[in-house]
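Everything below concerns the one structure shown next.
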Amino acid sequence: MRIIRIPQDRVGSLIGVKGETRKMIQKISGVKMKIDSEGEVTIFDDKAEDPLMGLKLVEVVKAIGRGFTPEKAMRLFQDDEYLEIVDIKEFLGGKNAQVSRVRARLIGTGGKTRSIIEDLTGVNMVIYGNTVALMGDSVTLPVAKHAVELLLRGSEHSTVYKYLEGQRPRLRIAEMGFEI
């Protein structure tokens, strides 16, 4: 049994209309979960057929809690799909006043920066509260995370775009299924 907390405003997304999302997640994972209105999710993975599914379910719940749609979060049930959550405050030295400015840098004008990171890496990215959540595979996720960290450290957008462009050949090779 595992207990996870998610933001209260994300509970509805995890449950879904008439409990459909919760039922679908439980069916896919083979693991039961109990969700309370305060955001506490209890996962009963003791009797799961596949012990890994309990761990994957934890990641799916975290992803939904961080702002991903349930459909995108269920991508984490696949092998070689991972979730990475970066705390914006860690890069700011606890300066709360700077969080909104840095969030704006990560999103970019009209969502351009976030869109470029997602398009060039194939990683899904959500900025929610004081965190940036990234979801991708073992090759693309580190590239996207490094790009996000560059922006959090104050690098110019053009520097980050050049870094991502420089990684394109590596990402294309990985896309074809070759090991890097």
Answer yes or no as to whether P169 is farther than 29 Å from E71 by Cβ, free of Cβ contacts under 8 Å to residues at least 12 places away in the same chain, assigned to a helix (DSSP H, G or I) and not aliphatic (A, V, I, L, M). yes
Restricting to segment 93-125, name every residue that is touching a residue at least 24 places away in the same chain (Cβ under 8 Å) and over 18 Å from L171 (Cα atoms). V99, V102, R103, R105, L106, G108, T113
Residue check: is L14 under 18 Å from the mean Cα position of the chain (by Cα), farther than 30 Å from L164 by Cβ and in a helix (DSSP H, G or I)? yes
Of the residues in segment 7-24, those that are in contact with a Leu (Cβ under 7 Å, 6 or more places away or on another chain) and hydrophobic (A, V, I, L, M, F, W, C) number 0
Helices (runs of 4 or more DSSP H) wholly in segment 77-166 with at least 3 residues that are among the aliphatic types (A, V, I, L, M) and crowded, with 18+ Cβ neighbours inside 10 Å - which ones? 140-152
Where D36 falls short, out of the listed (1) out of contact with any Leu (no Cβ under 6 Å at 6 or more places or on another chain); (2) surrounded by 15 or more Cβ atoms within 10 Å (Cβ to Cβ); (3) more than 19 Å from A133 (Cα to Cα); (4) not aliphatic (A, V, I, L, M): (2)
Considering residues that are farther than 23 Å from L92 by Cα and of a type outside the set (D, E), the number found within segment 112-134 is 7
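Residue-by-condition table, conditions (1) among the hydroxyl-bearing types (S, T, Y); (2) more than 21 Å from K62 (Cβ to Cβ); (3) outside the structural domain of D9 (by TED's automatic domain parsing):
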| position | (1), (2), (3) |
| --- | --- |
| R105 | no, yes, yes |
| R114 | no, no, yes |
| N124 | no, no, yes |
| Y128 | yes, no, yes |
| G136 | no, no, yes |
| L150 | no, yes, yes |
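The values are calculated or read from the model by the stated rules, or taken from the named source; none is laboratory data. Just so it is clear, the structure is predicted and the values come from calculations on it, not from any experiment. Using ideal geometry, Cβ is built from the backbone for each residue, glycine included, and neighbour counts are taken over all protein chains shown.
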